[in-house]
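Here is the structure we will look at.
The values are calculated or read from the model by the stated rules, or taken from the named source; none is laboratory data. Please read all numbers here as calculations on a predicted model, not as lab measurements. Please note: Cβ atoms are built from the backbone with ideal geometry, for glycine as well, and neighbour counts cover all protein chains shown.
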Amino acid sequence: MAGSRLVKNPAVVSTQLEDGGVLLDLETTAYFSLNRTAFTIWNLMDDAPAVDQIATRMTAEFEIDYDHALASAQRVVDTLERERLIRLESA
């Protein structure tokens with residue numbers, strides 16, 4: 001994962017909701033509901049395309065320590081990758 005960049009699947013669209021968001025994979029028509037934290041991670045990928053960068057940003061937004069933020073970000077990224085909503089590219 002080190003040196004990898006997170007890239008969103010261009011076939012996935014997102015919509016923000018009051019308590020998080022929803023992702024729709026236009027290729028598979030599968031919907032994915034994300035809580036506020038997971039949707040924040042999804043959005044942070046646009047400006048912080050690495051898990052450690054996302055964790056750093058989360059420490060300020062959620063007032064949590066870096067290790068907790070990193071573990072949370074990694075769990076979400078692993079799930080998004082497994083569902084093919086994102087992919088990893090070499091930096």
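Does Thr29 satisfy the condition of being on the phi > 0 side of the Ramachandran plot, free of Cβ contacts under 8 Å to residues at least 12 places away in the same chain and of a type in the set (Ser, Thr, Tyr)? In short, yes.
Out of Asp46, Asp19, Asp67, one residue alone is surrounded by fewer than 14 Cβ atoms within 10 Å (Cβ to Cβ) and within 12 Å of the chain's Cα centre (by Cα). It is Asp46. The set of residues from the range 21-55 being among the acidic types (Asp, Glu) and over 13 Å from Asn9 (Cα atoms) comprises Asp47, Asp52.
Here Ala30, Ala55 are screened, and the one residue that is under 25 Å from Ser90 (Cα atoms) and of a type in the set (A, V, I, L, M) is Ala55. Taken together, the residues in the range 39-65 that are of a type in the set (Ser, Thr, Tyr) and touching a Lys or Arg at 6+ places or on another chain (Cβ under 9 Å) amount to 1. Within the range 2-19, is there a residue that is in contact with a Gly (Cβ under 7 Å, 6 or more places away or on another chain), modelled with pLDDT of 95 or more, part of a strand (DSSP E or B) and under 26 Å from Ser90 (Cα atoms)? Checked the range 2-19: at least one residue is in contact with a Gly (Cβ under 7 Å, 6 or more places away or on another chain), modelled with pLDDT of 95 or more, part of a strand (DSSP E or B) and under 26 Å from Ser90 (Cα atoms).
Considering only residues that are part of a helix (DSSP H, G or I), of a type in the set (Asp, Glu) and modelled with pLDDT of 95 or more, which ones fall in the range 53-91?
Across the range 53-91, the qualifying residues are Asp67, Asp78, Glu81.
With (1) among the aliphatic types (A, V, I, L, M); (2) free of Cβ contacts under 8 Å to residues at least 40 places away in the same chain; (3) out of contact with any helix residue (DSSP H, G or I) (no Cβ under 7 Å at 6 or more places or on another chain) as the list, and Leu85 as the residue in question, which single condition is left unmet? Of (1) among the aliphatic types (A, V, I, L, M); (2) free of Cβ contacts under 8 Å to residues at least 40 places away in the same chain; (3) out of contact with any helix residue (DSSP H, G or I) (no Cβ under 7 Å at 6 or more places or on another chain), only one is false for Leu85: (2).
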